[in-house]
Each structure stands twice: as C-alpha cells, then as structure tokens.
C-alpha cells in the first residue's frame, strides 16, 4: 500500500475522532449543568451535534422527546438520516436524529461512519440518563416538600419506582432488609429469609442443603418490598428511610461499573468506557459507599496494575476510582485487551498518589511531579507478535542460551522491521501529539518487575529518543524504539537471568512506558540539571556516624543513567540524606578524584544519546546550564568554593561537580529525605527511587521496593558453625552481602606489622599486596589487615596501598585490635571508598577484642603460608603476610562470608564451594556486554581445574599444571581459549599419550562451549608443554611460572584420582 | 628480629646524630636539636552538630626557631602519633635552613578524621585549635600552613579566629591562603620552577648547554608541568612524561622523541593531571608502560610524583646518558638506589633542595602579608629565582669543599646553619 496515502488516511481518521470527542464533551457539559431547563438542553444538543459529524456544513440534528420536537430553524427531513432511541428504564421516550441535507459519499451506514453511529448512541444514552436523574430528583424534592408539610410517606417513591424501575425497587428493598437485619431487628430476619439468600447462621444456604434454593417470582418480591418498608417505617424515622433510599438509588447508578469490573472478561476498552462514564457521573455528584468505592479501587488496581496482594493493600488506600479516568486516557492497548501497566508504571503511579496525598500534611512534598507518561499495556507485545505472525519467537526462552545469543540480532532485526497493529499506531500517534517535540524515553514495564524482592532492573532495555522532526519521522523513531524494547525480552541476558532465577515459565508480558524526558534544551543538547537514584536504606556507609536508615543518594549532572549504573571510570556524588554534612569525600584531592567527569545528554541535532566530558560542555554552554552554580564548585589551587551567582566565567578556571550549593543552600536534601521517609513508611519496606530535576521541579521517575543486587542481599547467618571452622565473626557496622567461594586469604598480621622496624619493609608490605592482587584469582580472595588500608600520612596506621593494588579483591577487611586502653578508628575504606562502591568490593571492619567475637588467629597463623612459594623475593615478610590457599590446605573447601545488616552480624567460615550467587565483579559490564560476563572465565577455570584434577601424573609424566592468560585473569569471553602450561618430565611415549588424552578433553570442551555460547572454537585448549630445562632457563612460556606479574597459576593435579597423593 | 616497631622520629634523630658527628657539634647543641624546643598538647572541646560535646586532641610542635618563626603545616589525621609530628617538624627546620629563608621548623595537628566530621564541626575544630594556642603562635612566632587533610578553607577559619582574638588584621599568621585573601601569586609555579632553577644551575656547573639536553619526567601535576615549562624556555627537549591513568588504574609514559609539546599535552589533560591516552596516541605519542620514564636515553630525570619510585630493582635501568636526577617529589629515591646513583656519579639534586621552591613561596606569602603588600607574579618568581639559585650554589659549593654528595651536603649545611644560629644566640 502507498505509505503516504495510508498516513493521510490515518491523519484524516484522527481528525474525525477529535471532532467526535469534542462534540461529546460539549454535550456532557450541557448535561452536567443541572440548572438548565430540559428545553434549553435539547436545543443545545441539537446545535452541538453537527460539528461532530464528518460534513458539518450539511448536517442537522433534531431531538424528539415525549411530545416535543427540538430542531433548528429550517430543518428538513432527508433520506440521509440516522437515529438513536432515547430510553429510560427500558421505555423508549424519544429519539435523536442526524441528517445530511445533501448527498455525501457512502460510508459505513449510508453516508455515516461507524464511529458516528457509536457517537449518536452515546449521546442518546447520556441524554436518557440525564432525564432519569432529573425525574428522580424532582420526585425526591417533591417528596421532601410534601413530607415537611403533611408528613406523608415515602410510599409515593415506592409507587413511582414500582412503575418506572421495578428492578431498582427490588434492589433497594434487599438493601433495606439487609440493613434492618444488621441493626438486629428480628422481624427483618424473617423477611430476609423470604426475600433471598440470607447470610444468617440459620440460613438454609449454609447448611449444605442439597435442595436447590427456591427463587421467588418478581411479583412476590415486589409485594414483599412493601412489607419490608412497612417494617422499616415502624423502626426508622421518615428522614432515615428517605435518606437510605436516596443513597441507594444514587449508588445504584454505578452498577454498570460493578458489572464491568466483576466480569473478568471485560476488555480494557469496556473498562475505559465505564470509567469515563463514572467520571462524568461523579462530576454530577455520584457518591459511593466506602466499601463499594474500595471494592472498585481494588478491582481496578487488579485489572490495570497488579494482582499482588501486597501492592493492592497499599494502593487501595491512595488510588481513587477517579484517578483511573485520567490514567486510562493515556493508555494504548489492543482491541479486546486484558493487559496491565506493568511493575514500573504501577509503582510510579502509586508513589505519585501517595505523595500527592501526603503533600497536604507536609509542604515540602508539594510540587513533586512525575513526567507526562503514556503507557502501552502488557499484552501489546503479544498483539504485536500475533499481528506479525511471530509466535515462534516466544519459544526463544526455552532454547539453549547459546542459540539465544546467536539469534538475538535476528530477533531485533525482525521486530524492528515488523509493522505495529493500527490501533497501536493510532495510540502512539495520539501520544506524540500530546507530547509534542520533546525527547522521550521508552522504558520497559515488565510484569516480572513488580514481584516483591526480585531485582529485575536493568535487564530490559530503556531507550532514549530525541523525538525531533516531522510527525512521520517521530512516529517511525518511536515505533522503532518500542520494537527494540520488545525484542529485549528475548535477549540472552534476560533469558539467562530468568533461567537462573527459575522464572522461565512465568508468563512474561511487558508493558511500555513512554515518558517525557525531564530537562532543558541547552544549545544542541537536552538534559535535566541533575538526576539520580536514592535508597531509603544505606548499604554503603562511609562513617560510623551514618546509620543505615540515613539513606543514600547517588547524584549526577544530566541524565540519570550514570547514577543508576555503577561506573568503572566515573563517580556519582554520594550523600546520606539523614547526615548530609558527613561527606564521603572531604579532602580536596578526594573531592576532585571522585567527582563526576562526564554527563549523559541527548543530542537534538544528531538525535542520539551521548556521554560528554562535562568540562567541555561547561566551556561551551556553562552559562545556559540551569542551576549550574548549585552543582559546581570553583577550584582554586588549595581552595574550593561555591561560585557566585553572577560574574562566574565558566569558560575559564577549574570547576568540580560537587552539588555543594544544591545540598547546602536548597531544600533538595530535605525534600528527598521526606520522599524516602514517606514512601518507605507507606510501603512498609525500604524503597528506592529514580528522579530528575529540571532546575525548577523535582520529578519522580521510578519507585519500587528497595532491591538488592544478588550479592548484596542480606545473607542468612547460620548458627550451627562450629568454632574451629569459623574464621571470624563481626557485630559492628555490618552491611549486607554474601561473598562465596573465597579460595585465598591474604592476612597482614596486625601485631607483626606494628613490629616492623624499618620503613622500607613497611612499604614493601603494600607492594606485596599489590602483586598478590595481580596473581591471585580475581574476586576470589580477601584482604585482611590492620587499621586503615591505603592510609596516607602515617604508614604505621595501615598498609600503604593504592586502589589499583587491591582492585581485584572481593573483600577488604580492616582489623581494629585494642591498643592499651583504646580501639583505633577504622577508615571504612574512605581512601578509596567510592572505588569500592563502584566495583562492588565489600568492606567489613573487625573488632577481635569485642566480647563474644570469634577471631580465629590459630587458623590464620598456622595454616600453610604460600607467600614464599609465589613471591620468593618477599619470603622475608612471610611472618607479616600470610597467604592461605584454602582449598589446597583444607581438602577443597573454601571460605564463605555472610553478612546481614538487619541482624548486625557477619560470619566467615569454611565450607564446600557453592553455586549460590557469586559475587559479580561489575554489574554494569554484565548487563551491557554479555561477553564480559563472569561466567566465561569461571567456567573455563573450572574446566582447567577438573582437567588437572583428573590428570594421572605418574602415567603421563607430569610434574605441574598451570593456567594463565584470560582464564586466570578473569577476562575470558565466549571465544577465548584456555591457556594451559604443563610441566612435563616424561618420555616421548608419555608425551604422545598425554596429548591424545588432552585432545579428548579439547574436543568435548569445545563442543560444550559451543552449546553454551554459540561460539565455535576448534581448539579451546591451548596447551604448552615445558620442561625442567625451560624452567631453569626461564625460556618461552616457562617464564610465566612465578612471574611477578601475570604469573601462571598452579592448579592441584590428580586430586580427583587419589586424594592421598596430593601432599603439598 | 627485635620487636621494636618503626619510629619515624627515631629515624630522623639517627640521621641527625650522624650529621652532628660530622659537624662535631657539642652535646648541648645535640641535645637541643635532637628534640623539639617546645611542644604543646591540648584538648579542643567541640559542640558537634547533634548537640553533644566531643573532645579532640590537638598539638603543635616547634622544633627550632633560632633562625626565625617556626613554620610548618597542620594535619588532620585520625591516628596521628606525636613522633611522626616531631620528625616532620625537624624536617621543616632543615628545609627552611637549606633554602636560606629566615624561618624555623614546626608541625601540628588535630587527631580527627574529617570523613566523620561535617564542615561546621571542622570549622569548630580549627577555631578551637587557635583558641588553645593563640598565645604561642603568630606572624613572628609560629606560622601554620595547610597539610594532610587540611586546605585553604581551614587556614581561613584559623586566621579569622586568630584575628578576632588579637583584635587586628594579621594575615601573616598563616600561609596557604587563597589569592585575593592574603595568598601569593606564583604558588602554583613555585615548586616546579624551583626544581628547574636548580637543574639550570647544575647544568652550568657541569658545563652543559640546556638547549643540548633532553629530559624525562615522572608525573604531570603542578610540579612537573611548571618544571617542563621553564625547562623548555631554557631550550631543553622533554622526551617523555608519565602519569597515572585513572580509567586503566595504571600509569603510562608518553614519549615523543623529537620532544613533547606541553600546550598540546595540557589540552588533552583533565584538570586533575591525567592525560587522555587515546588522544595522545592520535597526536603521535608513543604510549609506554609507566616505568618507561626512567629508562629513557636522556640527560635529566625528574621524578615529580610519588615517593619510593627509584628503587634497587629499577635503578639499573637508568640510562648511561643520565647526568642529573632532580627530585621534584619528596623521597622518590630509596636508600639502596641512592647508593647506586652515587656510584654512577650521577648528579643528584636532593628533594630537600630541589623542591624548596614551595616553602620559599610560602615565606614570600608571609612577607607580603606582614607588610600588607601584594607582589605581581613576576616579582615573586624573580625573587624565587634569586633564592633558589643562591641556595643551590651554597649547597653545591659546600659539597665540593667537603667532598660530600649533594644529598649529604644539603642536609649538613642546613644543620650547620641552625646550629650556628643557636650558638650565635648564645643558647648553646
């Protein structure tokens, strides 16, 4: 089909819809004006109708109501006419007609469109309701009047109802009898039994009777109604009875909503229609009883947001039925949709409502905004898949992860090249009109994300789009982004994660959130003044004065992407809102080193997302950057200060991003503190939020229960570990986490360290740690040492190391031994605190002299120290530095450290290796680039270990087995080989045997690698044999053994064959 | 191994003792100079942000003020030991003496960790420190300066408290103030220029034309940058600089054999001294491992980054062509390496002398503050040149006269000057 034409048609269609809506609104406005007489309203409708039809210039309308006809002057009947009946209580009382005075091209119904049919029906229905409302109102008013004067009865009403709406009368009678029963009236109970299913204890229904309950005929019930009201009249005052009737009739008008909501088959379209109707009724003064209102809320929450009881328990308190009206107007869904919004959207919507309500009590919460958002419901993706016959892609999650890898680019390609169903296109187009030409972010809002406690964050894509140019370009860009986010469900990372978490079979649907990007245009860029994430629980405390509940904010200039992810080469500003004056970085050196150096922005010209050097941006646009004087500090040699509001030349001088002005001179910290406090209190759970600030307002972008990366969840503390297997315990300043499978312990003995008498040796200890950091398996060793690691100034206070000398450890432990009568302060890793945070290296302080603490010095001092073996140059320091190879000293066991901040407890003990969540070295790498994931090198290392373990040294003449290169250095990817060095001392025949044996391994591992990763490598094992002579001369690969940097790592040989043989 | 732990003060005393032997100082002089002349220990009560009062330990050590008011930094350190402070105060005495500026040596501080303190609490500590010792410090008694974990901001709080108590403006009480509030111009340049002035004088002695020489630098901070600037003005060729790469967590050496372009490199350097590796490569620089700065075939090596950089292990990689090593950093050469360098007859300009430009500029700041007068940068740098040149010549002459290496000469001459002043004053 011609693309231009279809677009033209689309735009034409949309214009029509807009006209129709406009018409409907005008009419509803007329109807809500209860002071106008019916005649005027009718004339108003007649005039409002023509502009809503396709050909207004030839369009006329008339209303026939009872005996009156309302029509404009010069109205003439023509053959091109459509009509709709006006009914009240099933009785036709008139009709509304629209006709064209001249012939027009034929459409769905003569010259009329099918939408126009719907419109005229809606108008007729609305009008009918209005008339009914008016009638009842006048009856009531008349009644009240009579009552006052003559004290006559409400019987008149019953009579009226009996004639106009007998069903309503029965419903009201039922309510009255129930009410009377609850008030404890015996007579009423009797009536109730006759009336219908009664819920008293004596009820037949509850006696598990086998007889079907005898329903009564309508006429019986009607006469019973009068009895009921007689009884009521005897016990209640006139006023009471009248008020009840009034209330119930009113409430009954919301019955349509009950019907729609009770029916699980109602589509979103129907719900939306019902809500719309409710919205208008509410404006006309519809009041609901509290239980009914709440049941509506819950039903809507379940249908649109989440069926998690935890969620609706909170949400029902804050989200009102009418709030959905606004929401549903910004929802895009397929015809007959049963979808939901998804976790992210629901969470944000709820948070917004909570804050809105709380703002009445707490002024600092006023003006907290959320960006304009449109939603595609969760079944949109299935609709998209069905529309394009892509059903087979759903099977993707059951495929081998290697295949998922291989096929993912294809999935993305197919999705991006598949058209969207017209109703979605139409919705997106409306959304774009409503947004205008502002940058947007397309975010996933998965149903999996609202499961409490599951951190599914960042697994699916979020895409920024510039949304610039013609409508056509913008629509194309938007659909492209939605398709790409859809495709990300089938990416290897989420699929792998779901397999890991046992969520493979969970029915995954993904909603989409299309959000206006908060920010300002600065030159050719668009970005918020600043953004960040905040946690109500602080898991990375840099001072013992900061408590967990003081919270944590990670702030960055520009888009918040840099705050969400841990970065390897940049740092966000960290603030604990409960203790904003205690900064993670205090000296000028630290402030500079750990300040943000880059900013994420949207380039409106190239329409791309970019990371810029912030200093370059400032030079170009410093003065246009909103709030810049609150974000920067001026650096003048040894002095750092806030810039003056005027006269600061951002083109000259040195600036550091510190957020000093924001923190100390604006209410920002108080604001975020209150938000965290309110939301975590209402959620009854710690929460985390994402936010952005455009320099004027605070925007909440996301809110959810605080999630923990897998490795920083609170770990359960086992209580049954025998003391001799416990290495240490701790009870102060504990954070959360699990550090499993530690193979090496590096322990700097505090006593021995303090006894070192010469400066060079003190320095050397730091250097040894630096070398061990390179040699030991990455993230599988821990560092334990006295006082303050990385201490500058006085070296005696702690081992002098730089961050690069410890950056491969999985944990940094500081030991505070009691000295005479005081225990020294520990550093909390402050010297490289932010590096530790970004790399997720855990920190733990130990106080061995505290009561009830285990500190197993016997283990640390008496286990075999391998330092002299691996760094012979530093053998003289082996009194001070112990390096314990746990598995080889303890029959394959490893060290595990479990930390639990809630209980303020931590324990390290010996145990078998576990598959329980392993420490991920770098979260960001894992999500962005699967090839850098931990799994490749870990798997390769295990392969090498098992080859070594199964190698018969006597049979093959092997003396040693080493692994080096990417496998040892933890950098291996899916296509890396495994570099192995074998110290061979056998005969030529043995050599041949050995190589044949290894070839077998090679073939099988290469194949396994292929099925795991989809990458085909012919020789996974890269074997190098070296002889005694090579080692003596340190020729070729032999130099790798015992090399100071990047040394080959020895593996235990033959352990799987005969444990007794391995005596090292 | 006897279980005696490393004590920096004892190490400093031993070094002094050897020099005292050489100078045949009498017992009284030894006793006087082995220990600080005065020490103050005091408590500083501080009302913390939470309303509770906490007591901090503060101190000030004045090692010797025979040649003029004590001069030395104030450190904020959580586990400061008095012996470290004593050693550092003694070092300051020698440093001012070798630079021939009329000041003595001191050091002080407060036991605290700024990471556990708010700005307001730090201000209260600074003011509290001054209140406790106001009678024993001042422009003509003892002049503090910034040090570990203290900055210009701390100095301003202290100055303000001091001036409030004494009731008049005395900006000479403290140095390290920002320009515009009693600070001196030329501070940024002073240390680096100072290093290069001594190199220039050393070249003169060796009869080498600067324009025929080449040099390699470790570090690209303020010291190295300004040293390079002056060296290039002298006509020398800088072949290599090394610096830390924050992203890669390692250091790299950037080499261009025909000579680096300082402005070009600065344009691709972040404000914190890191050179952009990719851009440097694009500009035609060879990127070598960080240690390569030391192995270059040049005439002059300038370690201007960290301590303990030239060690037993790498000193043998120093090219045979190297004639001068100028220690821009503090303690960049280990004792073992030092011996080897002496054997190789490489002319070493020791840190005590080479980086004395910094303390000299602090002295200039104090002089300007005391007379409430402000020098232009040229004037500061001109005076710096005069001071550094004469300091170098004195040390060098002294070395030749007494057949000492430069390091020993610098140390001995400074002890000699201080001993002389004590004697002249009739103290010993």
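The values are calculated or read from the model by the stated rules, or taken from the named source; none is laboratory data. Since this is a predicted model, take the numbers as computed values, not measurements. When we count neighbours, we look across all protein chains shown, and the Cβ atoms used for this are built from the backbone with ideal geometry, even at glycine.
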Query raised in the report: Tally time: how many residues in the stretch B:50-72 are touching a strand residue (DSSP E or B) at 6+ places or on another chain (Cβ under 9 Å), more than 21 Å from residue B:7 (Cα to Cα) and within 13 Å of another protein chain (Cβ to nearest Cβ)?
Result: 2
Query raised in the report: Which of (1) closer than 20 Å to residue A:134 by Cβ; (2) out of contact with any strand residue (DSSP E or B) (no Cβ under 8 Å at 6 or more places or on another chain); (3) surrounded by fewer than 16 Cβ atoms within 10 Å (Cβ to Cβ) does residue A:44 not meet, given it meets every other one?
Result: (3)
Query raised in the report: Can you find even one residue in the stretch B:123-142 that is crowded, with 22+ Cβ neighbours inside 10 Å and modelled with pLDDT under 95?
Result: no
Report task. Counting only residues that are in contact (Cβ under 8 Å) with a residue 12 or more places away in the chain and surrounded by 13 or more Cβ atoms within 10 Å (Cβ to Cβ), give me the strands (runs of 3 or more DSSP E) lying completely in the stretch A:602-652 with at least 3 of them. Result -> A:608-613, A:632-636
Query raised in the report: When the stretch A:816-832 is examined, which residues are found to be crowded, with 24+ Cβ neighbours inside 10 Å and at pLDDT 70 or above?
Result: A:832
Requested in this report: Being assigned to a loop (DSSP other than H, G, I, E, B) and touching a residue at least 12 places away in the same chain (Cβ under 8 Å) is the filter here, so list the residues in the stretch B:25-72 that pass it.
Outcome: B:25, B:26, B:35, B:36, B:37, B:48, B:49, B:65, B:66, B:67, B:68, B:69
Query - Among residues of the stretch A:712-731, those that are outside any strand (DSSP E or B) and within 38 Å of the chain's Cα centre (by Cα), counted - result: 11
Query - Qualifying positions in the stretch A:741-790 - under 20 Å from residue A:896 (Cα atoms) and within 11 Å of chain B (Cβ to nearest Cβ) - result: A:773
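Considering only the stretch A:264-365, give the helices (runs of 4 or more DSSP H) lying wholly within it that have at least 1 residues that are touching a helix residue (DSSP H, G or I) at 6+ places or on another chain (Cβ under 9 Å) and more than 28 Å from residue A:442 (Cα to Cα).
A:268-283, A:290-304, A:309-318, A:343-358
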Report summary line: When the stretch A:683-701 is checked residue by residue, the ones that are crowded, with 20+ Cβ neighbours inside 10 Å and at pLDDT below 90 are A:683, A:686, A:687, A:688
Query raised in the report: Got at least one residue in the stretch A:792-799 being modelled with pLDDT of 85 or more, outside any helix (DSSP H, G or I) and within 14 Å of chain B (Cβ to nearest Cβ)?
Result: yes
Query - Members of the stretch B:401-428 that are in contact (Cβ under 8 Å) with a residue 12 or more places away in the chain and either in a loop (DSSP other than H, G, I, E, B) or in contact with a strand residue (DSSP E or B) (Cβ under 7 Å, 6 or more places away or on another chain) (or both) - result: B:405, B:406, B:407, B:418, B:425, B:427, B:428
Report summary line: Flagged pairs (Cβ under 6 angstrom, 6 or more apart or on separate chains; first in the stretch B:133-154, more than 14 Å from chain A (Cβ to nearest Cβ) and in contact (Cβ under 8 Å) with a residue 60 or more places away in the chain; second crowded, with 20+ Cβ neighbours inside 10 Å and assigned to a loop (DSSP other than H, G, I, E, B)) are B:140/B:69; B:141/B:69; B:142/B:69; B:143/B:69
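Just give me the residues in the stretch A:653-675 being surrounded by 19 or more Cβ atoms within 10 Å (Cβ to Cβ) and at positive phi, in sequence order.
The answer is A:659, and nothing else.
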Requested in this report: Could you tell me which numbered condition residue B:23 fails, if it satisfies all but one of (1) within 13 Å of chain A (Cβ to nearest Cβ); (2) over 24 Å from residue B:153 (Cα atoms)?
Outcome: (1)
Requested in this report: Test each condition in (1) under 30 Å from residue B:68 (Cα atoms); (2) in the same structural domain as residue B:219 (by TED's automatic domain parsing); (3) surrounded by fewer than 20 Cβ atoms within 10 Å (Cβ to Cβ) for residue B:367 and report the one that comes out false.
Outcome: (2)
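Here's the yes/no breakdown for (1) within 14 Å of another protein chain (Cβ to nearest Cβ); (2) modelled with pLDDT of 90 or more; (3) closer than 20 Å to residue B:268 by Cα:
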{"residue": "A:565", "(1), (2), (3)": "no, no, no"}
{"residue": "A:576", "(1), (2), (3)": "yes, yes, no"}
{"residue": "A:585", "(1), (2), (3)": "yes, no, no"}
{"residue": "A:596", "(1), (2), (3)": "yes, yes, yes"}
{"residue": "A:614", "(1), (2), (3)": "yes, yes, yes"}
{"residue": "A:627", "(1), (2), (3)": "no, no, no"}
{"residue": "A:638", "(1), (2), (3)": "yes, no, no"}
Report task. Please go through the stretch A:381-398 and pick out each residue that is over 26 Å from the mean Cα position of the chain (by Cα) and surrounded by 14 or more Cβ atoms within 10 Å (Cβ to Cβ). Result -> A:387, A:388, A:390
Query raised in the report: Regarding residue B:228, is this residue touching a strand residue (DSSP E or B) at 6+ places or on another chain (Cβ under 8 Å), modelled with pLDDT of 95 or more and either away from chain A (no Cβ under 14 Å) or closer than 25 Å to residue B:188 by Cβ (or both)?
Result: yes
Query raised in the report: residue B:75 is checked against (1) facing chain A (nearest Cβ under 9 Å); (2) under 24 Å from residue B:365 (Cβ atoms); (3) assigned to a helix (DSSP H, G or I) and fails just one. What number does that condition carry?
Result: (3)
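Yes or no: residue B:367 part of a helix (DSSP H, G or I) and away from chain A (no Cβ under 14 Å)?
Numbers: part of a helix (DSSP H, G or I): yes; away from chain A (no Cβ under 14 Å): yes.
Considered against the rule, which asks whether it is part of a helix (DSSP H, G or I) and away from chain A (no Cβ under 14 Å), residue B:367 comes out as yes.
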Query raised in the report: Applying the selection to the stretch B:143-165, what residues are within 18 Å of residue B:39 (Cβ to Cβ) and at pLDDT below 95?
Result: B:147
Report summary line: Checking B:194, B:176 in turn, the sole residue that is within 12 Å of another protein chain (Cβ to nearest Cβ), farther than 24 Å from residue B:295 by Cβ and either part of a loop (DSSP other than H, G, I, E, B) or in contact (Cβ under 8 Å) with a residue 40 or more places away in the chain (or both) turns out to be B:176
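Residues checked against (1) part of a loop (DSSP other than H, G, I, E, B); (2) away from chain B (no Cβ under 14 Å); (3) under 21 Å from the mean Cα position of the chain (by Cα):
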{"residue": "A:533", "(1), (2), (3)": "no, yes, yes"}
{"residue": "A:538", "(1), (2), (3)": "yes, yes, yes"}
{"residue": "A:545", "(1), (2), (3)": "yes, no, no"}
{"residue": "A:555", "(1), (2), (3)": "no, yes, yes"}
{"residue": "A:579", "(1), (2), (3)": "yes, no, no"}
Report task. Would you check which residues across the stretch B:340-385 are touching a helix residue (DSSP H, G or I) at 6+ places or on another chain (Cβ under 8 Å) and on the phi > 0 side of the Ramachandran plot and list them? Result -> B:372
Report summary line: Selection over the stretch B:147-158 where residues are touching a helix residue (DSSP H, G or I) at 6+ places or on another chain (Cβ under 6 Å) and at negative phi yields a count of 4
Report task. Please find, within the stretch B:273-308, the residue that is surrounded by the most Cβ atoms within 10 Å (Cβ to Cβ) out of those that are part of a helix (DSSP H, G or I) and in contact with a strand residue (DSSP E or B) (Cβ under 8 Å, 6 or more places away or on another chain). Result -> B:293
